[in-house]
C-alpha cells in the first residue's frame, strides 16, 4: 500500500511539472508543420542549399504551393533568417524542380 501511495504522489508531481511547462517554448516559433525553422548555414564557405531546399519542400507540403521567394520562407518560419549571399547573387526558385538555386554573376 505504501508503494502505491508513493507512486501516486510521484505521478501527481510529474503531471504538475508537465502541465506547468505546457505552452512555454524556448527558441523561435515552429513552422506550421511543427518543425522549428532551419538555419541556412554555410559549409566550408559555400551556402548550404540543401537546408533551404528542405525548408522549401516542407513549405510546399504544408501549404500545397511553392514559396514566392526566400523572404516568404522566413516570414512563415520555415527558415530562421535569410542567408547572406555574395554581392550580385540571389536565390531563385526553379519553377520546374521547385528547388532554389543561386543566380547572378
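Rule-based calculations on the coordinates, nothing more; no lab input. Values in this document were obtained by computation on a predicted structure and should not be read as measured data. Positions of Cβ are generated from backbone atoms using ideal geometry, with glycine treated the same way; all protein chains shown enter the neighbour counts.
Listing 98, 68 from the residue with the fewest other Cβ atoms within 10 Å to the one with the most, what is the order?
Details: 98 15, 68 10.
Ranking 98, 68 by Cβ neighbours within 10 Å, fewest first, gives 68, 98.
Classify the range 49-105 as rounded, prolate or oblate from the Cα gyration tensor: take a ≥ b ≥ c as the square roots of its eigenvalues, call it rounded if a/c is under 1.5, otherwise prolate when a/b beats b/c and oblate if not. All intermediate terms of the calculation are to be shown ahead of the outcome.
Working: a/c = 2.17, a/b = 1.42, b/c = 1.53.
Since a/c reaches 1.5 but b/c is at least a/b, the shape of the range 49-105 is classed as oblate.
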